[in-house]
Amino acid sequence: MKITAACIGVLFLLLVLFAWGTKAESKPASQPGKPPAPAANREPDYALVSGQVVEITGKVRLVGNMPFPQLVITDSENLDWHIDEGEKKTLAGFEQQTVKVRGTVELLEIRLADNQYMGVRRLLRHITLPEQDF
């Protein structure tokens, strides 16, 4: 039995169509025009306004790379709270440790180059370290 090039071509085409069809079916439905925000930038489950004083408990992490590293605190809800550049000294030495901080939050919209909304950046200013009780 000889398999001709046409038969191989048909089998290959069927295989590609089958694989493409299964990938298309597995895509989650999303809202057109608004991509989902990354977990760190999503809206919190509670009302938050700029200028509000908040108390956050979470792990201090260094993100980004040189020459622009940034400190963030990632809380138990997996939200990132960015630390203002002038406040880095307050948290110096606490990297990869869980801390409780009190500060004033400023909410900044994150938008892509085509003006699509991507979430909120929470920036903490005027940070103090209340008594650590853990």
- Message: Quick check on my filter: what residues within the range 89-121 are part of a loop (DSSP other than H, G, I, E, B) and exposed (fewer than 14 other Cβ atoms within 10 Å of the Cβ)?
- Response: Ala92, Gly93, Glu95, Gln96, Gln97, Leu112, Ala113, Asp114, Asn115, Gln116
- Message: Need the failing condition index for Asp75 against (1) at pLDDT below 80; (2) within 27 Å of Gly119 (Cα to Cα); (3) charged (D, E, K, R), just the number.
- Response: (1)
- Message: Given the condition on the phi < 0 side of the Ramachandran plot, in contact with a Leu (Cβ under 6 Å, 6 or more places away or on another chain) and among the hydroxyl-bearing types (Ser, Thr, Tyr), answer yes or no: does some residue in the range 104-115 qualify?
- Response: no
- Taking the residues in the range 89-111 that are touching a residue at least 40 places away in the same chain (Cβ under 8 Å) and under 18 Å from the mean Cα position of the chain (by Cα) as candidates, determine which candidate is nearest to Ser76 (Cα to Cα). Val105
- Members of the range 122-133 that are surrounded by fewer than 16 Cβ atoms within 10 Å (Cβ to Cβ) and touching a residue at least 60 places away in the same chain (Cβ under 8 Å): Pro130
- Task: Output the residues belonging to the range 74-88 that are surrounded by 15 or more Cβ atoms within 10 Å (Cβ to Cβ) and over 13 Å from Gly103 (Cα atoms).
- Result: Thr74, Asp75, Leu79, Asp80
- Message: Quick check on my filter: what residues within the range 54-73 are free of Cβ contacts under 8 Å to residues at least 60 places away in the same chain and either crowded, with 18+ Cβ neighbours inside 10 Å or among the aromatic types (Phe, Trp, Tyr) (or both)?
- Response: Gly58, Val60, Phe68, Leu71, Val72, Ile73
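The values are calculated or read from the model by the stated rules, or taken from the named source; none is laboratory data. Keep in mind that this is a model prediction, so the values were computed, not measured. As a convention, Cβ positions derive from the backbone with ideal geometry for all residues, glycine included, and neighbour counts pool all protein chains shown.
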